[in-house]
Each structure stands twice: as C-alpha cells, then as structure tokens.
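No lab work stands behind these numbers, since they all come straight from the coordinates. Remember, it's a predicted structure, so these values are computed and weren't measured experimentally. Here the Cβ positions follow ideal geometry from the backbone for every residue, glycine too, while neighbour counts run over all protein chains shown.
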C-alpha cells in the first residue's frame, strides 16, 4: 500500500505555489512604486502580509494533511455550524468594508467570514451526500431522493442567504455555483437537467450582452436539445428556460432596476457610455491589461498600476497588474493555464479516487474556483459585470487565501487518503 | 422516471470529460479575449493608458520686450504667482480650505471654479491669479491636502514708460473661448495670454516665442510623479522676439499729456522712412487694465463709454473732413493738372457764388495766386479750382472728379495704408459713382462737390493719412509706408533684424509743384494762421530755430463744435518729420492743433521744451473738447 504522503499531488501544490507567487509579486508591485506614498499605512505592507498568510496557509495545509480523512469528514457538521455561527456573528457584529458587512474582527486578524464559510459548506455538503450513499438513491418521488436533494439545497442555500444578507451578492453567486457543481458531480440529476441550468446561465448573460445573441442561443439550444434528447418534455423545457430567463432578465434589467443599478450590470458592455460611473473601472482595467501587450511593460513598470489608476488593484483587480506588467506570455496566459491545470487536475484526482467523498469535495472546490476565475478575470477584461470577488490564491486577502488553500489541501488530502474511505465505498 | 442516480463509472467519466471541455472552453473564452486585447488591439489600449498617465505641461515662454526708437524699455514682463486647478482630480469641498488659506471669499472662489468647470472639466486652468506671495506659500505648504491643485509662475506685462501708448501697443489678455477654438492648432491653451490689439496683436507670432513642453507621468491624483522617458520628449521654450519701435516715447508722452480732456488723434511720421514717431488717440486707457480681471466700472469705461477709448482715432476716424489742410493737396493737383501756373492769379471778391454765396475767410482777397491762397486759406481760390471739374460760367471743365479722386488716392486718402496695426479705416474720398449712388445719375452738380475743394463735405481722413500726405509733400512726392516696428531683436543673441515693410510709392508729380506748395505752407507758419506756433531759437541760445511749415484747418461739424486740424513738417529746408493732428470739437486749428504739433516737433528735435514755451503746454492742456461727440 502506498503511504498517503507519496500520493499527495505535487503538481497541484506547485500550481498553488506559482499562483501565490504571482499574487505576492503583483501586490508588491502595486505597493512599492510611486503610488506608495498615497497609500494607507495599512495597505503599504500588503505584500508582506500576504506572504505571511501564505505561510499560515501552508501550516494549515500541513495540519490538514496530518489528519485522517474520515476524521476530517466527521468534523464537517462542526465546521458547518461554526461557519454559520461566524456568518451570523458578522451580520450582527461585523465591520462594513466596501458596502459588504462580511468582516469579523477576531483578535488581531480581521476575517472575511464568507470566504471561510465556503470551506465549511463544501465540506458539509460532501459529508452529507457521501453519507446518503448517493449511488443507491432512486431518482423520483421517494424519500431518499427528496432528502438528498432537499438536504443539499438547504446546506447550500442557508449560508448563501446569509452571505447575500451581508450584501455580498458576488460570493452568494459562488455558493449557488458550488451547489450546481455538486449536483452535477453527484449524479443526482440527469445530464439534460444539468444542461438546463448551464443554458439558463448563458441565456441570462446573453440577455445582458445582446438580445440578438440571446435569440440565436435560444434557437440553437432548443434544436440541440431536440436532437440530443428526442424528448418533447426536455425540448419544451429548454426553450421555456432559456427564453424565460432571457426575457425575465431583460425585463428586470430595463424595467425594474434604477438607472445606476442598470449601469453597474451593463457597464461592461459599453464602458465608455458609463465612463464617469460604473464604466471607469472597466476602462482603466482594460487599458492596463491591453497595454501590457505580449511581453508586458516590465515588473514595477506599468503606468496604470504604478500611478494607481485602477481602484482595488491588489485585491479584486490584481489580474490587471499581471496583465500590464508581465503581459500575455509572462502573465495572463500562465495564470489562466495554471488555473485550467488545477481545475482539471483536482477533478481528475477526485474522480480517480473512486469513492464519493473525494469526488464530491473536488466537485465543490473546482466549482468555486471556476466561478471565481470566470467572474474575476471576466470583469477585468470587460466580459463580466464588475462583481467584486477575488482571484483565488492571487488576490490580496488573508481569509480568502487561507480558505482557498484549506479547500485545496482538503481535496488533496481526500485524494491522498482515499483508502480510508473504504467504509463508504461499500455502501 | 425512476432510475438509479447516475454514478456509474462510465457516467462519471462522461461527466469528467464534459467538465474538462467546459474548463477548456472557459479558458479559451478568457484567453481569446486576452489575445484580442494584448496582441491585436494593444496599440489602442496603450494609447488609453498613456493618455491617462502622461500629462503635457506647456511652458510659456517670456513674451518679447518692447523698446522705443532710442532703446528705452517700454514693456517687459513680471512674474506673477498663479494657482491652478484640475477639476477632475479636485474635490470642490476643499474650496473652503483654499478660501481660508488664501484669504479669499469663498463665494468668489466658488464662482471662479464653476466658471472653469463650465468651460472644461478636464483641462487644468487658473483658479487664482496674481496671488500674493504669502498666500501662495501657505497654499503650497498644504498641497498634500489639496489634490488637483497646482502651482505655476505666470507672467504679465509690465509697462515702464510714462507714455501709455494704448493704441500703439494694444494689450494682452487671457485667450477667449472663441480665440482658443481658432488657435488651438498653434499650441494655445486655456489661460494663455494673447495680444488683442495694436502691436501686441499684429506681432503676436513673434512676441509670443515658442512654447516649451514637458511630459510628466501623472498619478490618479493628478500629481506629477516623474519625467516621461527621462525628459527626452521635452521641448525647451524660446523667449519671444523683442521689438524696437519707431516711436519716440518722450514725444509720445508729451503728446499724450497735451491731449488731456480732449478727443482726437495725432500722428508724427518720419518723412523719409515712414516710421511712426508718435501716435496718439484720446481718450486712451491703461493697457494693464484690460489685461486682468476688470471691475464693472472699468468694463463700462472701456466698452460702453460713448467716447470709445478703445477706438484708435489716429487711424480709424473716418468721418472727419480735413478742412483747409486739404488746400496744399488741391494746389499741388491743380498745378500738376495744368489748371493753374504758380503765378496764375484768380479773383476773390470775398466769397463765391454758386447757387448761394460761400463766404471767404478774412474778406476779399482780390487777385490772388496759389502760394498766397494757401497762406491766407482763401476759400474762393479753391472753390474755383474744384469747380473746374464741371463746365461752369467761370470756365470749361478742366479736370474730372475721378481724376481728383485718383490724386487723393495717390496721396494715401480713401485707401488703407500698409501698416503694422490691425485697426485702420480707409477714410472717405467720394468719386462720381459715390454721388451717382447717392443722388442718382445726373442728379448732382457743382454745388454738391464744390465743398470738396476746401476739404469739407462728403469726405473723411484721419491723422495718419494727414501725416503721410504731409510727408509726401515734404519729401518731394514719395508716399512712405507707415510702420511702428523698426527692428526685431533676438532675445538670445541680441541680433537685430529689420522687418520688411512694403516699399514706399512714388507720386508722379513734378517736384517743382510740391516746392510751390511747401513755400505756401511755410508762409502759413511765418506769416499766416500758424505763426504763433513757430519754433524760434531758444532764448538761452542753446537751440537754433526749427523752421516749420504747415497748414491749419477747421473741419466743419454739423453736429457740434468744429474740429481743429493741423498738418506740418519740419525743418522747412530739410524736412525730417511730418505731423497730422485732429482735435475734435475744439474750433480753429490754430488754437490747439497747431501748438500740439509745434510742441511735438520741438520735443522730437530738441529732446525738451524750451522754458519760454512751457506756458504753451499749459494753455493747450487747459483747452477742452466741448460738447458731445
């Protein structure tokens, strides 16, 4: 039998180290150039603090690796309840930063509890689903199935609701995406139903971009479904879902929202039109990344970065620093490829473990990372609305780095110690 | 639908494959966009980033200095301290702090700020100008609390001479919105000073110099962080070219002082070169006033006062007939056209009958020839000459009205002179089509034009035209090109360059005929209407006599008191300068216009006024233009 530490996936850990390295370098650049003198004292040290959090994360990962996998899984209920407690505490006692009341001061550290809550939630959902023995659940109107679906929904929606109440809609979306990926990987719903969800998301996005694209998509999705499923029900549902979501989204956008709210959502499609308000961020961010070109302007040489034209540049907009100073070939492409590698690697490890828990946990974690990547990078290059969620491992933020590293460590630990799940496998 | 949850190995592998494809598609989606931005449209984004970060600072060059013909400094620059604001980086709530630090009322500051923002929210503009040093220093100390506020040393014109020279120099003023739209291509920016009238406007391109530029990297707060590309793109400013005028500032100062309480104009010109030695228009104004922010009273004076101080009476007055100063011209033309010989005598019975009786000055002159006709200003003599443009009972038609007008043009009347000033009027010399238009073809006769023979009626000339015509008489028939700039001086090397003024024109006239006219004009001074304006040898014996020749005139004014006119040149035997003076609503030419000319001539040749003539200054100064315009 191969000892667990030999099965620890080194390439994933290297990818982690690379991404964290990119992050610290970018944060250093944005806090040690000419902009430094205008920064708050608390911000000047961000690069060092991030490095310190990386060490803390590394320690946390080591601790996780030292636990037995089943013990980790058994801790899930405790972790989940603790997370809910933190979320509630943040709502009651929390500090408001950038309009979101999601920060909790504990001793010297301020924690962004929504980030930590992701760990507890994905762990709890994994424990719950794997303990239900999803393999034997009959799809249909039976107690086992309904409990599985309902339990998963409840586990995800409660923290999601609390996060949204903290006014952090972006992170709320991440919880939904996590639930979606768990559903996908659990096999509780057939592929064509999963497809409905993806199609609904795409339809909503296209509704913002261009009604014509939306119409074309509705048409193609309907034709595709009819050819694929040969089921009138599925075809009818895909049409109803995509068209319904599209129409509802446009109605909501242009008839319900106030102009400034519309601006925040649609500004990325035409930032110049909203240059004085919501579009400013997008214009500056795109100028930074675009002007970086193939090789970048050089470390500490980016004018957009060094002259502080981009708000939130070391946190949510850290990708702009990488894009401007390191360029396509040294910055943005490597980061994208690292993420692609990490996402595929983690899910592959989960699948190869052969038991439910590693697979489901990997599903939740990759779902979270994937959503962060899409939304964060998408917003910096004008493909997504400006929704403030960080780029995992790269953006400045101790709680997020710790939470993301913990999730990565758990996923790797579940894979490395898969033997210990034998007891579940037979169920 | 009742199937077992699809967790079979194959199903999981399928889902893994789908997931992998989804991840790759997503990365391709983001990566494709990055390729488009970073590889394809990189220039466009680079431009946007540079537009953000690189600020171009205009360094204004020192405006060229102005000197008089003797090298006396008339105008240079003084440094003023200015506070600028970049509205897009500035938080307007900080105006209160500025108000407190600079000791300026907040409402005034707010009004100025609103004005700037209304003009352009992006360009840096002057918020406070001419800031006292202490206020400037206090603001600068607090710069860190005032993002968007900048500090600049500006320059403004400083005037040194006692002579105001308002209409010669013109003035400079912050460029207007319209001016900016027009001159942006030439590198003008908001807050730049630009010459508005006079020499300042005419020589704007040379006076301004070359604007310098420096490129700075500017952070999001609008603060300069460092030089762009180490200053490689920067351009040094070049100071403006200095101008040495033909003006004699002491003659000018005297002439201006003589025009107190008067309306009118005077021009003294060098009869050989055309250089304008003095040009006065009264009332005038202080050129430093329109340059700055004016009070309402100042605006009212400059723009709404009915005496129009901005109007250059020396070159723009177009309605004033020259009166009897026209008679030397008539004499020269009659001699040249062969209508009279120098000794031809015409009979003056004390007036002239043409429909009605036109009285002559000083009773009946009897038989009179041209020199004496000029000396005593005999109207009858010149009426008869003018009526030779028609066939009358007195004689046949010997000259066409348009031939007369042609001669007037050759002497510079009714046309614009080539002149290095922007504002000039051609005056008025009527021709037959003028009368046709006014009275219909054949609807006018000798009675309509006879007045033109004595310089009255439908004609107008300004002092510059009078001086130039007198110069032509004095120099024997050369119509000089009047000009104000003698030399342009390179501020760096001190090298002088003479500007190319258009060449003088020659008047095709027998010199002898002009000699006769000059003799007549000399008699006016020695034994005629201008004898009290002669310049004799000074009693202290320091200065010999300056023999002058001239002609007085009274320009009839149907709306009020007549205008006094005088033309002169000196010295009689070797003419150097010519003068044309009009004093509005001041009666006879001999009373004010002649003494003014006489004093100007004395000042020019002697550099001072002889003690016994100081009283003359007093008496001229006490004389007023009366009534309304």
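Distance between the C-alpha centres of region B:173-230 and region B:363-377: 63 Å, rounded to the whole angstrom.
What does the structure give for B:41-51 when I average, per residue, the other chain Cβ atoms found within 10 Å of the residue Cβ?
Details: counts 4, 8, 3, 4, 12, 7, 3, 8, 16, 4, 1.
Rounded to a whole number, the mean comes out at 6.
Between 0 and 90 degrees, the angle of helix B:593-606 with respect to the longest Cα principal axis of chain B falls at about 70 degrees.
With the cut-off at 1.5 for a/c, could you classify region A:227-321 from its C-alpha gyration tensor as rounded, prolate or oblate? Present the calculation step by step, with values, prior to reporting the outcome.
Working: a/c = 4.13, a/b = 1.93, b/c = 2.14.
Cα axes put region A:227-321 in the oblate bin.
Note on B:24-36: average number of Cβ atoms from other chains within 10 Å of each residue's Cβ is 6. Counted residue by residue at 0.36 nm each, then reduced by the alpha carbon distance between them, the extension gain from residue B:54 to residue B:138 reaches 27.4 nm. Our summary gives chain A a relative contact order of 24 percent, counting only alpha carbon pairs under 8 angstrom and 6 or more residues apart. Using just its DSSP H runs of length 4 or more, each adding -39500 (n - 2.57), chain B gives a mean residue ellipticity at 222 nm of -9500 deg cm²/dmol after division by all residues.
Placing pseudo-labels 7 Å out from each Cα toward the beta carbon at residue A:7 and residue B:441 gives an inter-label distance of 12.1 nm. Round to a whole angstrom and tell me the spacing of the C-alpha centers of region B:531-592 and region B:27-94. One Cα centre to the other: 58 Å.
Once the chain from residue B:559 to residue B:158 is taken as fully extended at 0.36 nm per residue, the excess over their C-alpha distance is 140.3 nm.
Backbone N atoms of region B:607-625 closer than 18 Å to the 7 Å Cα→Cβ label point of residue B:540 belong to residues B:607-618. Over chain A, DSSP H runs of length four or greater, each weighted -39,500 (n - 2.57), average out per residue to a 222 nm ellipticity of -22500 deg cm²/dmol. The angle between the Cα long axis of helix B:42-53 and the main principal axis of chain B comes to about 70°, on a 0 to 90 degree scale.
Can you give me the relative contact order of chain B as a percent, contacts being Cα pairs under 8 Å and 6 or more apart? Provide the component values of the computation, followed by the final result.
Working: 1303 pairs, mean separation 86.1, N = 629.
Reported as a whole number, the value is 14 percent.
Look at the stretch B:10-17: the mean tally of other chain Cβ atoms within 10 Å of its residues' Cβ atoms is 4. Taking other C-beta atoms within 10 angstrom as a stand-in for reagent exposure, A:297, B:262 fall in the order A:297, B:262, fewest first.
From least to most packed, judged by other beta carbons within 10 angstrom and beginning with the fewest, A:41, B:562 follow the order A:41, B:562. Against the main long axis of the alpha-carbon atoms of chain B, helix B:463-475 sits at an angle near 50°. Under the simplified labelling scheme, the residue A:147-residue B:367 pair shows an inter-label distance of 15.3 nm, with each label point 7 Å from Cα along Cα→Cβ. Packing, as the average of other Cβ atoms within 10 Å across residues, places the peptides B:209-215, A:30-36 in the order A:30-36, B:209-215, highest first.
Going by a ≥ b ≥ c, the root eigenvalues of the Cα gyration tensor, does the protein assembly as shown fall in the rounded group (a/c under 1.5), the prolate group (a/b larger than b/c) or the oblate group? Verdict is prolate for the protein assembly as shown.
If r is the Cβ-Cβ distance from residue B:232 to residue B:79 and R0 is 25 Å, what FRET efficiency results, to the nearest 0.05? Don't skip to the end; give the middle numbers.
On the way: r = 28 Å, r/R0 = 1.13.
Approximately 0.30, to the nearest 0.05.
Restricting to Cα pairs below 8 Å that are 6+ residues apart, what does the relative contact order work out to for region A:280-325? Please round to a whole percent.
Values: 57 pairs, mean separation 23.5, N = 46.
Rounded, it is 51 percent for region A:280-325.
Each residue in A:209, B:507, A:265, A:106 was given a count of other beta-carbon atoms within 10 angstrom of its own, and listing them fewest first yields A:106, A:209, A:265, B:507. Between region B:457-488 and region B:406-442, the alpha-carbon centres lie 15 Å apart.
Between residue B:358 and residue B:433, the contour length at 0.36 nm per residue exceeds the alpha carbon distance by 24.4 nm.
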